[in-house]
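Laboratory data are not the source of any read-out in this text; all were calculated from the coordinates shown. Small disclaimer: the values here were computed from a predicted structure and weren't measured. Cβ atoms come from the backbone with ideal geometry, glycine included; neighbour counts cover every protein chain shown.
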2 protein chains.
Amino acid sequence: MKTPTSLDDLIDALRCLPGVGPRSAQRMAYHLLQRDHAGAERLASSLAYALGHIRHCEKCNNFTEDMICELCRSQRRDAALLCVVEMPADLLMMEQAHCYQGMYFVLMGRLSPLDGIGPREIHLDRLVKRAQDGVIREVVLATNFTVEGEATAHYISELLSNKGLKITRIARGLPVGGELEHVDSGTLAQAVFERREIS
Amino acid sequence: MKTPTSLDDLIDALRCLPGVGPRSAQRMAYHLLQRDHAGAERLASSLAYALGHIRHCEKCNNFTEDMICELCRSQRRDAALLCVVEMPADLLMMEQAHCYQGMYFVLMGRLSPLDGIGPREIHLDRLVKRAQDGVIREVVLATNFTVEGEATAHYISELLSNKGLKITRIARGLPVGGELEHVDSGTLAQAVFERREIS
């Protein structure tokens, strides 16, 4: 007794999705074929379309359908500021916070030697070139405060030192509305260590 | 600042997969576009191919690329036995256990009125017709021992009663190698309740 080959192929293909093992790939395939033909058709076509049309912006490296993305083309952004984030989702979070009006560079990852992700994979050569366009004055490092994000920020700050640029890192500390009682001790320790003079 | 429309479309389309919310859909889309173009192309094409070629076997309702699947066409199976399972994965488990040589009927679900899945959705009309082909003598109900699987088995046994068929249910009890100390009390209670005379 064999499953039809094209069903096996589909189950196998679904496993390229992150976090999807053999069991959930099987469940997904059954669901698509049994209950959601319309959704499956839409998935197949939008996947094919995205593969054909989405590329990386030549300036900020974010996903776009153009050579240069809308944000990089905008005249209303501060071209002297360059914020470095790990992923497009981080850029969206920054934009939703309405706290920043400069340009971006999206690494599409973070340094992670064990996963084979080195400086080349996160396009640091392009970042260095981008940061030295003569207009950028400050590079804001907004990678995550994880071990890998911190290492990435440190590595970039070394790469860009002595180039006449101001290199900054977003602040670490208690969240807005945060209570000392409920914050983890590492965060509290950092908040004390990085305390600011306020008067 | 907008994400490119085709990226939004892809993220949206990925949400048709069971268990995939907005966050993981985004993560999947980024992963496919950034790190696995080959996998994404394979997924798009195998999905399109499967949609075009996979249908339900007219006899057992399992997925197949033919009108009647290989198992139903086989001459080596016992045509007098019909085993009812919920999903294709259950059929595979039965086959892997090498315990059964009869035919199958795959419900592609279980009765679940709250999810809008009634007798029609699990093709009980076709099952009743299939069971009365004149060759089938025994129907083995092998739905899961969940509340819904049990309700489904009960419903089917009512449907098929007084039709001259033997209706059986696979046994419930301790697993092979199971120890009383480590089994849940519900299973143990059933094992005692359904005890068999052995000499």
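For A:Thr168 and A:Glu58, the difference between the fully extended length at 0.36 nm per residue and the C-alpha to C-alpha distance is 37.2 nm. The stretch A:4-31 and the stretch B:159-199 have their alpha-carbon centroids 33 Å apart.
Stokes-Einstein diffusion for the stretch B:5-53 at 10 °C, viscosity 1.306 mPa s, with a Kirkwood radius from C-alpha pairs, works out to 141 µm²/s.
Around the amide H of A:Tyr104, modelled in the peptide plane, lie the amide H atoms of A:Cys83, all under 5 Å away and 5 or more residues distant in sequence or on another chain.
Looking at chain A, what % of the alpha carbon pairs are farther apart than 30 Å? It works out to 41 percent of all Cα pairs. Think of it as helices only: each DSSP H run of n ≥ 4 in chain A is worth -39500 (n - 2.57), and spread over all residues that comes to -12500 deg cm²/dmol at 222 nm. Residue and distance for the chain A Cβ closest to the axis that moves A onto B, in whole Å, come to A:Ala44, 3. Its relative contact order, with pairs defined as Cα atoms under 8 Å and 6+ residues apart, puts chain B at 13 percent. Magnitude of the charge dipole for the stretch A:1-145, about its Cα centre and with charges confined to Cβ atoms of Lys, Arg (+1) and Asp, Glu (-1), is about 80 debye. Which longest run of chain B has no exposed loop site in it, a site being GluC sites (Glu not before Pro) in a DSSP loop with at most 11 other beta carbons within 10 Å, and the site itself not part of the run? The reported range is B:1-178.
Remark: mean inter-chain Cβ contacts per residue of A:68-76 equal 1, using a 10 Å Cβ-Cβ cutoff to other protein chain atoms.
Diffusion coefficient (Stokes-Einstein, Kirkwood radius over C-alpha pairs, 10 °C, 1.306 mPa s) for the stretch B:1-110: 94 µm²/s, rounded to a whole number. Lysine pair count for the protein assembly as shown with Cα-Cα distance under 26 Å and sequence separation of 8 or more or different chains is 14.
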